[in-house]
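Accompanying notes for the structure given below.
The values are calculated or read from the model by the stated rules, or taken from the named source; none is laboratory data. Predicted model only: the values in this text are computed from it and were never measured. Neighbour counts run over all protein chains shown; Cβ positions are idealised from the backbone, glycine included. The protein model used for the area step is the full one, side chains on, heavy atoms only, and it has no ligands, DNA or RNA in it. Shrake-Rupley method; radii C 1.70, N 1.55, O 1.52, S 1.80 Å.
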Amino acid sequence: MRDISEDEYRKWSAMHAKASTTLTNRQQELDRVAELIERDMTLLGATAIEDKLQDGVPQTIYTLAQAGIKIWVLTGDRQETAINIGYSCKLIQEDFSLIICNETTHWETKEFLQKKLDAIREGHGSNIDFDSLALIIDGRSLDFALEKDIEVLFLELATLCKAVICCRVSPLQKALVVKLVKRRRKAILLAIGDGANDVSMIQAAHVGVGISGQEGLQAARSADFAIAQFRYLRKLLLVHGAWSYHRLSKMILYSFYKNITLYITQFWYALFNVFSGQTVYESWSITFYTVFFTALPPFAIGVFDQFLNARSLDRYPEMYKMGQRGVFFNVKAFWGWAINAFYHSVILFFLGTVMIFNDIESDGLIGGHWVYGVTIYTAVLTTVLLKAALITNMWTKWTVVAIPGSLALWFIFLPIYALIAPKLRTSTEYDGIVSHIYPNVKFWLAIIMLPVLCMTRDYGYKFLKRMYFTQPYHIVQEIQKFNIPDYRPRMERFKKAVHKVRLLQRLRRTRGYAFSQNEGGQEKIIRAYDTTVQKPSGY
Amino acid sequence: MAGTSAGEPKSKRPSNTAFKQQRLRAWQPLLTPKSVLPTFFIIGIIFAPIGGWLLWASDRVNELRIDYTNCDRLGTAFVTLDSNDYEYHLHGINSNSITKPKQRYDSEERVCTISFNLPKDLEPDVFLYYRLTNFYQNHRRYTKSFDVDQLKGKTRSASDLNNGDCSPLDSHSENGGPKKPYYPCGLIANSIFNDTIRQPVLTNPSGNQNTVTYKMSETGIAWTADKKRVNPTGYKPSDVFPPPNWREKYPNGYPDPIPDLGKDEHFLVWMRTAGLPTFRKLYMKNTQDTMASGFYQIDIVMNYDTRSFGGTKSIVISTTSFIGGRNPVLGIAFIVVGGLCVLLGCIFAIRHFYRPRRLGDHTYLSWNQQVASGLADNSAASATARNAQPASGTQGLLRQRP
């Protein structure tokens, strides 16, 4: 500040008026006049605005990168701020080569991107580490880069880099970038934002996540998922995402399997009844198969099953990559299950038929069609439920209700139905069948032997896969179950030490007009005052 | 946020129960050698002997079958059957040493006489079945072709039965007269097996009699529940026609009163349809007397034509065991399962002891190996990860997947 006398002001005001109305170089004249008055001032103080990074953001971004997720930052901040934020949240490391695109015309942008892309491609053989490339592009160049003829170029360059930071980006450009990647790449996109300016981006992506909080609820309202803090994204993706993928895969594959197994046995029976369409099982039993007796296992698997618990998934972000690669649900897996269902149906039907064949019971009486049908049906049901038991990773009490409970339900249902249905005239097939099923030794032998024979292959193969064709998640399951301590802490500490050394090296370089958060360092100064609390009146 | 006038706003925080936070107490089974190998061996050790026992039990069942489809083409002299037409499974007796059965046919009485040798006594219970082949009682239209109410005794009119399950054998009008229902209607009842198999007669008994009849009863051969399904009917004989194939038995319609079909156990046995095109049905049984060894003759009145549909008919005399008739497949299946499990157990056990894989070993995690090798390149590392060479057995399969 400086006190100006009335006199000085009048003189200066006249010059200022003249400068503001001049026809040539007005801006420069105004600047010159301003210079005249802005001197000999006393410094009163300094203000600072802190836009704090949320808790846990650097760790989250680092973990997501470990999980094989590529991260792009689209921000409205200026370039230096954005770069510093990138360093702060460990999106880019100190040793990254930054490709900074600040071109102002269409052709310059195109040339720049092409040049950089060629340079990278040529240098591909010699030591260019794709793990340390980052692209920084500002809003103006991004406008050009999103145009039809450059967008492919831009996208190729961007996907080669480990991280992309777009600064000075408008909300429309955010959505356009998302749509560009969606259109031209087969990847799944997740967009996360917390303000109203992120809404278009959130809605354009495959999965939109809104952070509810400081900047209001706009983003949260328009998103597929709303979380309260950025760091919860880690649990959302690594734990719930992995669980959801695994559960859905298993549930879908199992549902196909159980139905194929039952209905293909019907088909085999058609070979023995001149394809007349007679069912080997009673018709309501078939209906209730899907409704009552095998409805609960997929449900239990889809709701409760956890192939790894939350702690393990959190600790080993690489487990997330299995979902990215489609390890659990792909064409091969589907046909594997379908063929398995065929194989089971062949054993159940043909071996079951031959076992029952001459139909004579221990008292010499003949069993007939429906005793045969109920035996095969129960064998199929038992096999299918045993398969559900085999694929379940986690047995909660609800799983016990679902899987053995379904079989118990069938054994309870059968006598009740055999009693009531003939009286109600819905189906007379089961009339009198109970005394020929429960005391029938052949029935019990069949439903013990057939499922065990079917499951032998499944059990042995699963064991073989785990022991000798091991996948990483098998190892993690064993680590989890046997509580094996992880030797990696030493690795983590080592990495931290390396990071600190590089930090010190970096501090020697000039930083620009912004501070960025580091571990330790300036935080103590910045946080000396709690700015959310009203300043006490007085001094 | 400030409270509303109603007081403290409800917290939106989800409840921290084990169910909602997916922290339920659970058992996580893993297939490790310690659990799988014993399982295989235990199953093998349990199933194989059971199979052996079942096989032994099935072997003790005595059964003989004689086909008499083409008996009505023979003359009055006994003709020896060739080996396709009979089958002997008698415990402890070599089938080749048994005298071959013979047949002859009396075309006036339409009676086929089968003469066969029973080399050993059959302990009670002894059952006699008739066996049909190529007869599809499991055809869809056939299986539902009967009327429950009519069998229960209700007098259903021709219009009631019209287009019901029994069609086309629901009703009939003779010589332009009124339509009367068939009793019993439907294809199953119509196609009933109507050969009469007479009791077996021992032609060379010890002692001073010429022949001894082995009395077998034709009651107690149907399910108890089946007997309750058929009640005496309320029809008058003039109200109904017998089914077409029953005309020979009732040429002038039914006698008065119409016979109670619930007492005709052959009818009940026939109505309980079989599931496969080759089936047996119980004809008569003897639960008290031993069937003594010797030469037997059985007379059968040949009414039933199986040649028209390419089928065969045979009689089967059989005893039973606790698992029913003779069926070695049950025992063999158990033995196969037991053997398979033991075999798999052995293979896995050998592999496990020869080249075991340590469980939960971090070095198998491929990203650990990558990091280890990457750090080694930087030559700033101390060896924190274990030796990057995986233990034998995983052969780089893990390393290919980052």
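Hand me the GluC sites (Glu not before Pro) from the range B:146-249 located in a DSSP loop with no more than 13 other Cβ atoms within 10 Å, in residue order please. Could you put the intermediate results ahead of the total?
Numbers: sites: B:174, B:218, B:248; in loops: B:174, B:218, B:248.
Hits after loop and neighbour filter: B:174, B:248.
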Exercise. Using the 4.7 Å Cβ rule, please list in number order the cysteines from the protein assembly as shown without any candidate partner.
Key: A:89, A:101, A:161, A:166, A:167, A:454, B:341, B:346
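Tell me, what are the semi-axes, in whole angstrom and largest first, of the equivalent ellipsoid of the range B:266-361 as set by the roots of 5 times the Cα gyration tensor eigenvalues?
Numbers: eigenvalues 517, 73, 33 Å².
Ellipsoid semi-axes (Å, largest first): 51, 19, 13.
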Quiz item: Any idea of residue A:501's accessible area? Nearest 10 Å², probe 1.4 Å.
Solution: 80 Å²
Practice problem: With a bin width of 5 angstrom, please list the P(r) values of the range A:343-491 as percents of all Cα-Cα pairs, from the 0 bin to the one holding the largest distance. | Solution: 2, 8, 14, 15, 15, 13, 9, 7, 5, 4, 3, 2, 1, 1, 0
Self-check item: Sequence-separation-based contact order of chain A, relative, with Cα cut under 8 Å and 6+ spacing, percent
Solution: 12 percent
Quiz item: D for the range A:257-358, whole µm²/s, Stokes-Einstein with Kirkwood Rh over alpha-carbon pairs at 37 °C and 0.692 mPa s: what number?
Solution: 197 µm²/s
Practice problem: Summarise the long-distance tail of P(r) for the protein assembly as shown by giving the % of C-alpha pairs beyond 56 Å. | Solution: 41 percent
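Set the Förster distance to 56 Å, then compute FRET efficiency between residue A:159 and residue B:39 from the Cβ-Cβ distance, nearest 0.05.
Working: r = 49 Å, r/R0 = 0.88.
Efficiency at R0 = 56 Å is approximately 0.70.
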Quiz prompt | At 1.306 mPa s and 10 °C, Stokes diffusion of the range A:111-256 via Kirkwood alpha-carbon radius, µm² per second | solution = 92 µm²/s
Quiz item: Once the Cα atoms of helix A:369-391 and of chain A are each reduced to a long axis, what angle between those two axes, in degrees from 0 to 90 to the nearest 10, is obtained?
Solution: 30 degrees
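Kindly provide the helix-only [θ] at 222 nm of chain A, computed as the sum of -39,500 (n - 2.57) over DSSP H runs of four or more divided by all residues, to the nearest 500 deg cm²/dmol?
Details: 24 runs with 302 residues, N = 539.
It comes out at -17500 deg cm²/dmol, rounded to the nearest 500.
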Practice problem: Measure out, as a whole number of angstrom, how far apart the alpha-carbon centroids of the range A:224-285 and the range B:189-261 sit. | Solution: 53 Å
Practice problem: Report the residue, chosen from B:150, B:21, B:209, that carries the largest GNM mean-square fluctuation when chain B is represented by alpha-carbon nodes joined by springs under 10 Å. | Solution: B:21
Exercise. Could you tell me, in Å, what Rg and Dmax come out for the Cα atoms of the range A:251-301?
Key: 12.5, 39
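Counting other Cβ atoms within 10 Å, keep those with at most 15, restrict to DSSP loop, and tell me which GluC sites (Glu not before Pro) in the range A:90-174 are left.
On the way: sites: A:94, A:103, A:108, A:111, A:122, A:147, A:151, A:156; in loops: A:94, A:103, A:147.
For GluC sites (Glu not before Pro) across the range A:90-174 that sit outside H, G, I, E and B with at most 15 neighbouring Cβ atoms in 10 Å, the list reads A:94, A:147.
So if the hydrodynamic radius of the range A:313-377 is defined as the Kirkwood radius over C-alpha pairs, what does Stokes-Einstein give as its diffusion coefficient at 25 °C and 0.890 mPa s, in µm² per second?
On the way: Rh = 15.5 Å.
Rounded, D is 158 µm²/s.
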Quiz item: At a probe size of 1.4 Å, how large is the accessible area of residue B:102, to the nearest 10 Å²?
Solution: 70 Å²
Self-check item: Hits among aspartates and glutamates - C-alpha to C-alpha of residue B:20 under 17 Å, sequence gap 8 or more where chains match
Solution: A:305
Exercise. Any chance you could check the Cα centroid distance between the range A:308-353 and the range A:139-169 for me, in angstrom?
Key: 39 Å
Quiz prompt | Heavy atoms of residue B:20: accessible area, 1.4 Å probe, square angstrom to 10 | solution = 130 Å²
Quiz item: Across peptide A:475-483, what mean number of C-beta atoms from other chains lies inside 10 Å of a residue's C-beta?
Solution: 5
Quiz prompt | Dipole magnitude of the range A:97-220, debye to nearest 20 (Cβ charges: Lys/Arg +1, Asp/Glu -1, about Cα centre) | solution = 400 debye
Practice problem: With only Lys, Arg, Asp and Glu charged, each at its Cβ (+1 for the first two, -1 for the last two), find how big the charge dipole of the protein assembly as shown is about the Cα centre; round to the nearest 20 debye. | Solution: 2300 debye
Quiz prompt | Equivalent ellipsoid semi-axes - Cα gyration tensor, the range B:42-140, angstrom | solution = 34, 19, 11
Exercise. Taking every pair of alpha-carbon atoms in the range A:327-418, give the share separated by more than 23 Å as a whole percent.
Key: 43 percent
Practice problem: Averaged over every viewing direction, what's the projected area of the C-alpha convex hull for the range A:290-329? Give it in nm², one decimal, please. | Solution: 3.5 nm²
Self-check item: Over 20 Å (Cα to Cα) - which of A:235/A:462; A:162/A:321; A:162/A:182; A:465/B:34; A:235/A:332; B:120/B:285 fall in this group
Solution: A:235/A:462; A:235/A:332
Self-check item: Subset of A:387/A:442; A:250/B:144; A:90/A:186 violating a 31 Å alpha-carbon distance limit
Solution: A:250/B:144
Quiz prompt | Rg(Cα)/(2.2 N^0.38 Å) for chain B, N = residue count | solution = 1.65
Self-check item: Positive-end residue, chain A charge dipole about Cα centroid, Cβ charges, pick of A:280, A:241, A:350
Solution: A:350
Exercise. Take residue A:441, project a point 7 Å from its Cα along the Cβ direction, then tell me which residues of the range B:84-99 have their backbone nitrogen under 19 Å from it.
Key: B:90-92
Practice problem: With springs only between Cα atoms under 10 Å apart, run a GNM on chain B and tell me which of B:27, B:270, B:223 wobbles the most. | Solution: B:27
Quiz item: Hey, if you drop one equal point scatterer on each alpha-carbon of the range A:1-43 and run the Debye formula without solvent, what base-10 log of I(q)/I(0) do you get at q = 0.27 Å⁻¹?
Solution: -0.93
Quiz item: Cα axis of helix A:489-507 to longest principal axis of chain A: angle in degrees, 0 to 90, nearest 10?
Solution: 20 degrees
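Please compute, for peptide B:298-309, the average count of beta-carbon atoms on other protein chains lying within 10 Å of each residue's beta-carbon. The partial results should precede the final answer.
Details: counts 0, 0, 0, 0, 0, 0, 0, 0, 0, 0, 0, 0.
Average per residue, whole number: 0.
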Self-check item: Ellipsoid semi-axes in whole angstrom, largest first, where each is sqrt(5λ) of the Cα gyration tensor of chain A
Solution: 71, 24, 24
Exercise. Run the dipole for chain B about the Cα centre, Lys and Arg Cβ at +1, Asp and Glu Cβ at -1, nothing else charged, and hand back the magnitude in debye, nearest 20.
Key: 2500 debye
Quiz prompt | Cα principal axis extents for the range B:24-92, largest first, Å | solution = 81, 31, 17
Quiz item: Ratio of the range A:1-143's C-alpha Rg to 2.2 N^0.38 Å, to two decimals?
Solution: 1.66
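If you average 1/r over every pair of different alpha-carbon atoms in the range B:204-299 and take one over that average, what Kirkwood value in Å do you get?
Working: mean 1/r = 0.0600 Å⁻¹.
Over the range B:204-299, the inverse of the mean reciprocal pair distance is 16.7 Å.
Quick one, could you list the DSSP H helices from chain B stretching 27 Å or more along their long axis (Cα atoms) with average Kyte-Doolittle hydropathy of -1.0 or above?
Working: long enough: B:33-60 (40 Å, 1.00); B:328-354 (39 Å, 2.03).
Both cut-offs are met by B:33-60, B:328-354.
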Quiz prompt | Principal-axis tilt of helix A:397-424 within chain A, Cα atoms, nearest 10 degrees | solution = 40 degrees
Quiz item: Which whole number gives the average count of other chain Cβ atoms within 10 Å of the Cβ atoms across peptide B:264-277?
Solution: 4
